[in-house]
């Protein structure tokens with residue numbers, strides 16, 4: 001049923017909680033995992049990233065893909081940079097390109113205030129994705 005599972009990874013606790021769920025779903029079907037990380041950039045000279053710890057987040061995701069691959073899981077990482085449009089559209093586009101059967105995302109990547117001001121990426125995915133979206137609550 002879920003041969004290709006995309007999992008949205010932003011370095012937050014919510015995305016860390018989503019990864020084992022996505023892994024289990026893909027493993028049951030002998031499917032593949034595509035970890036997607038969207039780098040949000042400030043539209044300024046040099047395109048600085050919004051996150052100060054971006055290099056650490058990316059290195060951690062690369063380690064996770066290596067660990068999954070060592071376990072025999074077909075896993076890959078796609079990193080995309082955006083300046084406009086929000087991460088949900090980028091994640092949905094990658095899911096389309098990968099022929100994903102499911103997108104898995106955590107429910108809280110920002111603080112509660114940030115979520116109110118910016119909206120939830122997971123909530124937005126529910127509206128823009130062409131495949132089902134599984135929203136994973138914290139510590140599921």
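The values are calculated or read from the model by the stated rules, or taken from the named source; none is laboratory data. Since the structure is predicted, the reported quantities are computational estimates derived from the model, not experimental observations. Ideal geometry is used to build each Cβ from the backbone, glycine not excepted, and the neighbour counts take in all protein chains shown.
Across segment 45-59, the qualifying residues are those that are in contact with a strand residue (DSSP E or B) (Cβ under 7 Å, 6 or more places away or on another chain) and assigned to a loop (DSSP other than H, G, I, E, B), and the one among them that is modelled with the lowest pLDDT is 47. Residue 16 meets the stated requirement of being more than 17 Å from residue 133 (Cβ to Cβ), in contact (Cβ under 8 Å) with a residue 60 or more places away in the chain and surrounded by fewer than 20 Cβ atoms within 10 Å (Cβ to Cβ). Where helices (runs of 4 or more DSSP H) fall entirely within segment 60-140, those with at least 3 residues that are at pLDDT below 85 and surrounded by fewer than 15 Cβ atoms within 10 Å (Cβ to Cβ) are at 112-118.
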